[in-house]
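Below is one structure, written out as structure tokens; comments come after it.
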Amino acid sequence: MTVHPPPSQTTLSDPPMMASSVPLRKYEGLASWQALRARRWYAVMGLMIFVTCGAIVFCLQFGAHALTMAELWSALTFSTAGNEDVARVIIWDIRFPRILMGLFVGASLAITGAALQALVRNPLADPYVLGISSGAALGATIGLALGLGSIVGGLGLPLCAFIGGGVSIVLVYGIAASQGRLPMHQLLLAGVIVNAVCSALMMFATSILNPASLYRVVLWLMGTLNAPSMPALIGTGSCLLIAIVLLLRESQALNLLAVGEDAARSLGVDSDRVQRTVFLVSAVLTGAVVSVSGMIGFVGMVIPHLVRILCGSDHRLLLPVSALGGGILLMVADTVARTVVAPAEIPVGVITALIGGPFFIYLLMTRKYRFIA
Amino acid sequence: MSPQALVSTVDTPLPALEVRQLSFRYGSVQSHPPGDRAAWVIKGMEFTVRQGEIVGVIGPNGSGKSSLLKLLAKLVRPQAGTIRLFGAELGALSRESISRQVAYMPQDLSSDFPFSVLDMVLMGRFPYRHGGVWNLVGWERREDLTVAEEAMAQTDVGHLANRMVDTLSAGERQRVLLARALAQVPRVLMLDEPTAHLDLNHQLEVCRILQRVHEQLQMTVLLVSHDINLASQYCDRILVMKQGAVVCIGPPQDVIHPRVLTEVYGCQVLVDAHPDTGLPRVSLPGQDRHQTVAVSGML
């Protein structure tokens, strides 16, 4: 590259060193690298979708009743005669909805985790820091205490949880927002406060529950994907789909916000709008997920982290890959939960906590993180 | 490819920045009583920055230098007064249109999120992004890459394109931030302490790059600095601030004067000529001299 002479006379009188004496150096491999970036996106996404499909088939095969490959194949392809085929019932009526729910819930937790980490500029944040989950848990507990658990065809519990989550979203937002802005440290603090108050109220509610309801609350709190209803599946799936589209639209803005809010604003990011959008999308999705599956911890923290180590911080890739990764983790964890002590089950929240806890400790000990939002 | 890719094409005879009666304070109006003058970070500032000049802003800690820069980049809104950017009222301009004209370079980059240098520089193309149904995530186009490449060449970070930003030295990081600012193709470049935390060699490097950018791209540069000598060497004019107000503004030869500096900083300083350029150079008095000066000041 040739250095052009300065087009205008410099206004400095006799500059100490001619600036153009510094040669311009250019990196030649850049264009190909950029082409590689876009191609890499498609390659990684293709690979992730392929692995996800593989994981679904893998999870379909395992369970309390072991299936042979032949049985699995014939049930998947509907090639056996008769509707009463056991394998077909097990796979399509029992396992498939549950696996699908695992995919939706895992994907929702991971994508909201990734988005929130960028928003509060802390790579250790998790969907539960916003206080929505404990609101939902409180809603579910109150619902059970009032005997609303089995109304609306068994949807009473998720509905109560969703209402509880919604109330806590409004509370957290109301506490944190000031003058049309949503300061992140205030958001975190509001989440902590709502969490604490809801936990206290929930302890009070559980203390007056009857033993049968108490057992249901405790099981639900541990997190389970058992026997999801069709409306729950459709509801969670559509929430997730809308959330993915909305979050992907803000993915480059999230990149900029993750690096610094002032810089992002000076680059034209409407930070107030992006923060509001991401908060509301994450909050509603978390509320929906918690209401159908209870508290499943660590997926939202661990998965975005792993993906960031493997694929970098670009949220255009990080968000969708995290979603698929979270789905895979939860599907597999749930398969382990319903297989290892069959015919009994371990709550899937226990498995994710057992994976996530040590991983969290490992991260704390090997990497230096600042704990300031 | 020529550096022309980075030159903004709009040309007007209007001043780059025109500040009138600018006043600003943090927090809401209710949190301070009306008569509380100390609460104002900026009070009644007036000055003009012409197109294509380098203006340095100096002043003691807490004099409102960084706040002024944030006001000029519309990162915060003033309580009173007007700022005109090439004749247009800043308050009426959208964030996007400002970000195509003004690049603001923050003091330092600190992030727990690893990005590559190329990713970081391409962020400077955000004001020019193209969304749409088929580009939901907003991938950059070929033009964006051309500009980023040119910006990286200007600040000499092209060879670092694939490196992660958190593995760079402070000087390299500063040059990456500068490349990101240039990728915005701004008409005004605002820098907050571009040479803070840098050793001498890196300071010189950043300054040379700034000067090259200023000459080749005809950019208006506004920089906040603690380093009076650096401002004196590289700036066309210097704005001296104290307690949120303009003390004086003018060429280094006029402004860098012992009387002005003593008044602003509250301590004795010596000013002589730089051996190469003859521009004013500031030093703190030696211990003996300090006492003599203090005594003669009392007499």
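The values are calculated or read from the model by the stated rules, or taken from the named source; none is laboratory data. Quantities reported herein were computed from a predicted structural model and do not represent experimental measurements. Using ideal geometry, Cβ is built from the backbone for each residue, glycine included, and neighbour counts are taken over all protein chains shown.
What to note about this one:
- Boolean, B:Val117 is in contact with a Ser or Thr (Cβ under 9 Å, 6 or more places away or on another chain) and more than 8 Å from chain A (Cβ to nearest Cβ): no
- The residues listed here are A:Val259, A:Val281; of these, the one that is over 25 Å from A:Gly166 (Cβ atoms), among the β-branched types (Val, Ile, Thr) and crowded, with 21+ Cβ neighbours inside 10 Å is A:Val259.
- Hey, B:Ala88 of a type in the set (A, V, I, L, M), more than 14 Å from chain A (Cβ to nearest Cβ) and at negative phi or not: yes
- Filter pass, A:Leu241 being within 14 Å of chain B (Cβ to nearest Cβ) and crowded, with 23+ Cβ neighbours inside 10 Å: no
- Any chance B:Ser97 is under 14 Å from the mean Cα position of the chain (by Cα), surrounded by fewer than 21 Cβ atoms within 10 Å (Cβ to Cβ) and closer than 21 Å to B:Met219 by Cα: no
- Of the helices (runs of 4 or more DSSP H) lying entirely inside the stretch B:213-299, those containing at least 2 residues that are surrounded by fewer than 17 Cβ atoms within 10 Å (Cβ to Cβ), modelled with pLDDT under 85 and away from chain A (no Cβ under 13 Å) are B:287-298.
- Residues that are at pLDDT 90 or above and either in contact with a Pro (Cβ under 6 Å, 6 or more places away or on another chain) or of a type in the set (Lys, Arg) (or both), drawn from the stretch B:42-58: B:Thr48, B:Arg50
- Residues of the stretch A:246-259 satisfying the condition of being out of contact with any Lys or Arg (no Cβ under 8 Å at 6 or more places or on another chain) and either of a type in the set (Lys, Arg) or more than 7 Å from every other protein chain (Cβ to nearest Cβ) (or both): A:Leu246, A:Leu247, A:Arg249, A:Glu250, A:Ala253, A:Leu254
- Of all residues in the stretch A:282-305, those satisfying the criterion of being over 13 Å from the mean Cα position of the chain (by Cα) and either assigned to a helix (DSSP H, G or I) or polar (S, T, N, Q) (or both) are A:Ser291, A:Val292, A:Ser293.
- Members of the stretch B:145-168 found to be more than 17 Å from A:Ser313 (Cβ to Cβ), without any contact (Cβ under 8 Å) to a residue 24 or more places away in the chain and not aliphatic (A, V, I, L, M), listed by number: B:Gly158, B:His159
- Evaluation of A:His315 against (1) under 30 Å from A:Val348 (Cβ atoms); (2) at pLDDT 90 or above; (3) more than 10 Å from chain B (Cβ to nearest Cβ) (one fails), failing number: (3)
- With respect to being more than 14 Å from every other protein chain (Cβ to nearest Cβ), surrounded by fewer than 20 Cβ atoms within 10 Å (Cβ to Cβ) and under 30 Å from B:Arg125 (Cβ atoms), B:His197 fits the description.
- Against the test of being touching a Ser or Thr at 6+ places or on another chain (Cβ under 6 Å) and facing chain A (nearest Cβ under 10 Å), the options B:Asp192, B:Asp156 yield a single qualifying residue, B:Asp192.
- Some residue of the stretch A:3-20 being within 14 Å of chain B (Cβ to nearest Cβ), assigned to a helix (DSSP H, G or I) and modelled with pLDDT under 75: yes
- Checked against (1) surrounded by fewer than 23 Cβ atoms within 10 Å (Cβ to Cβ); (2) farther than 22 Å from B:Asp236 by Cα, B:Val157 meets all criteria but (1).
- Residue selected from the stretch A:275-311 under the condition without any contact (Cβ under 8 Å) to a residue 60 or more places away in the chain and among the β-branched types (Val, Ile, Thr), by the criterion farthest from the other protein chains (Cβ to nearest Cβ): A:Val302
- Wholly enclosed helices (runs of 4 or more DSSP H) of the stretch A:104-178 bearing at least 1 residues in contact with a helix residue (DSSP H, G or I) (Cβ under 7 Å, 6 or more places away or on another chain) and crowded, with 24+ Cβ neighbours inside 10 Å: A:132-145, A:156-176
- The residue that is nearest to A:Gly268 (Cα to Cα), among those in the stretch B:104-114 that are touching a strand residue (DSSP E or B) at 6+ places or on another chain (Cβ under 7 Å) and more than 7 Å from chain A (Cβ to nearest Cβ), is B:Met105.
- Being touching a Pro at 6+ places or on another chain (Cβ under 7 Å), of a type in the set (S, T, N, Q) and more than 14 Å from every other protein chain (Cβ to nearest Cβ) holds for only one residue in A:Thr236, A:Thr224, and it is A:Thr224.
- Restricting attention to the stretch A:262-278 and to residues that are closer than 24 Å to B:Arg187 by Cβ and among the charged types (D, E, K, R), the residue that is surrounded by the most Cβ atoms within 10 Å (Cβ to Cβ) turns out to be A:Arg265.
- Boolean, A:Ser313 is of a type in the set (S, T, N, Q), surrounded by 24 or more Cβ atoms within 10 Å (Cβ to Cβ) and in contact with a Leu (Cβ under 6 Å, 6 or more places away or on another chain): no
- Filter pass, B:Gly171 being of a type outside the set (Val, Ile, Thr), more than 30 Å from A:Arg249 (Cβ to Cβ) and in contact (Cβ under 8 Å) with a residue 12 or more places away in the chain: yes
- Restricted to the stretch A:250-281, and to residues there that are of a type in the set (Asp, Glu) and part of a helix (DSSP H, G or I), the residue that is farthest from the chain's Cα centre (by Cα) is A:Asp262.
- When B:Ala183, B:Ala231 are screened for being over 15 Å from the mean Cα position of the chain (by Cα) and in contact (Cβ under 8 Å) with a residue 12 or more places away in the chain, only B:Ala183 passes.
- Within the stretch A:318-353, being of a type in the set (Gly, Ala, Ser), away from chain B (no Cβ under 14 Å) and in a helix (DSSP H, G or I) holds for A:Gly325, A:Gly326, A:Gly327, A:Ala333, A:Ala337, A:Gly349, A:Ala353.
- Residue count, the stretch B:120-144 (criterion: of a type in the set (A, V, I, L, M) and within 8 Å of another protein chain (Cβ to nearest Cβ)): 4
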